[in-house]
Amino acid sequence: MSISLCNVDDIPAAGARGFDLAQGSIFVVKRKSGLFVYLNSCPHLGLPLEWKQDAFLDSEGLYIKCTNHGAFFVPETGECIQGPCMGDALISVPYTLEDGVIVIAESAIPESPWRG
């Protein structure tokens with residue numbers, strides 16, 4: 001079964017948008033180089049990254065930021081470059097584009113290591 005998240009145009013340029021699904025929380029980051037989909041779970045303690053809806057990026061929009069512990073992640077790779085989880089990475093979620101719509105397979109959403 002597949003899940004349609006949204007149209008690519010629904011995400012602002014160099015922006016991000018979160019989605020709460022039955023399988024877990026994920027978010028999409030949009031860059032000139034493409035789209036990047038991750039579980040919304042910081043590798044440090046498994047907490048959600050944003051402090052308010054869709055606020056996944058730092059104030060300049062350059063990096064993904066965990067507002068709980070100040071960790072910064074490279075949007076294109078998910079790698080933590082600053083903070084308590086330096087060297088770890090966000091868990092990516094594979095996706096496809098179908099007529100401009102971001103689609104993920106329900107079975108492709110990896111389980112968070114923090115789920116009980």
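Just one of 27, 19, 36 is touching a Phe, Trp or Tyr at 6+ places or on another chain (Cβ under 6 Å) and under 21 Å from residue 58 (Cα atoms); which is it?
Just one listed residue meets the conditions, 27.
If we keep just the residues of segment 47-103 that are surrounded by fewer than 14 Cβ atoms within 10 Å (Cβ to Cβ) and in contact with an Asp or Glu (Cβ under 8 Å, 6 or more places away or on another chain), which is farthest from residue 26 (Cα to Cα)?
87
Out of all the residues in segment 8-43, which are surrounded by 15 or more Cβ atoms within 10 Å (Cβ to Cβ), in contact with a strand residue (DSSP E or B) (Cβ under 8 Å, 6 or more places away or on another chain) and farther than 17 Å from residue 94 by Cβ?
11, 15, 16, 17, 18, 43
List pairs: first residue in segment 56-78 and touching a residue at least 24 places away in the same chain (Cβ under 8 Å) and more than 19 Å from residue 13 (Cβ to Cβ), second residue of a type in the set (Phe, Trp, Tyr) and outside any loop (DSSP other than H, G, I, E, B) anywhere in the structure, Cβ distance under 6 angstrom, at least six positions apart or on different chains.
Sorted first by the residue in segment 56-78, then by its partner, the pairs are 78/38.
Looking at (1) touching a Pro at 6+ places or on another chain (Cβ under 8 Å); (2) under 18 Å from residue 111 (Cβ atoms); (3) modelled with pLDDT of 95 or more, which one does residue 29 not meet, given that it meets all the others?
Every listed condition holds for residue 29 apart from (2).
With (1) over 13 Å from the mean Cα position of the chain (by Cα); (2) at pLDDT 95 or above; (3) over 20 Å from residue 5 (Cα atoms) as the list, and residue 98 as the residue in question, which single condition is left unmet?
Single failed check for residue 98: (3).
The values are calculated or read from the model by the stated rules, or taken from the named source; none is laboratory data. Not measured: the values here are computed from a predicted model. Positions of Cβ are backbone-derived with ideal geometry, glycine not excepted, and every protein chain shown enters the neighbour counts.
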